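Trainee: Input: one structure, supplied below.
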Amino acid sequence: MLTVAEERVPAGGFADSIVSGGSYGAVMDELSGRERGILAMERRGFTGPGAKERAIREQLGLAPVRYYQLLNALLDDPRALAHDPITVNRLRRIRDTRRAER
């Protein structure tokens, strides 16, 4: 984590920074290409069994198990929420509902 003196301000300015605990937090970095690809994959609709898993392998080069591990971690990342709040919030609701059913 960067100290206040080491922080760089991104082009988006203050809106791209995190404020937590009443103090100025670290400046958020952009999502990686793979992280953006994972969120884009979740926005798509898939028809038929196995279509999503096939797309995950072909387009992202990931095994489906690894994809879902990365997706789950990404849902807790504030950068993902800033990048695509609709998708992240929808997936968080689905995850919370499934956890509550257990």
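Trainee: In the stretch 49-68, what count of residues is obtained for those that are more than 19 Å from ARG92 (Cα to Cα), assigned to a helix (DSSP H, G or I) and open to solvent by 50 Å² or more (accessible area, probe 1.4 Å)?
Mentor: So the answer is 5.
Trainee: What number goes with the only condition from (1) touching a Lys or Arg at 6+ places or on another chain (Cβ under 8 Å); (2) open to solvent by less than 30 Å² (accessible area, probe 1.4 Å) that PHE46 does not pass?
Mentor: Unmet condition: (2).
Trainee: Return the residues of the stretch 71-89 that are loosely packed, with under 14 Cβ neighbours inside 10 Å and part of a helix (DSSP H, G or I); say none if nothing qualifies. Outline the logic, then answer.
Mentor: The initial filter retains those residues of the stretch 71-89 that are loosely packed, with under 14 Cβ neighbours inside 10 Å, namely 72-73, 76, 78, 85-86, 89.
Residues satisfying the conditions are ASN72, ALA73, PRO78, PRO85, ILE86, ASN89.
The values are calculated or read from the model by the stated rules, or taken from the named source; none is laboratory data. Please read all numbers here as calculations on a predicted model, not as lab measurements. Counting neighbours? That spans all protein chains shown, and the Cβs are built from the backbone with ideal geometry, glycine included. SASA here: full protein model, heavy atoms, side chains in, ligands and nucleic acids out. Shrake-Rupley method; radii C 1.70, N 1.55, O 1.52, S 1.80 Å.
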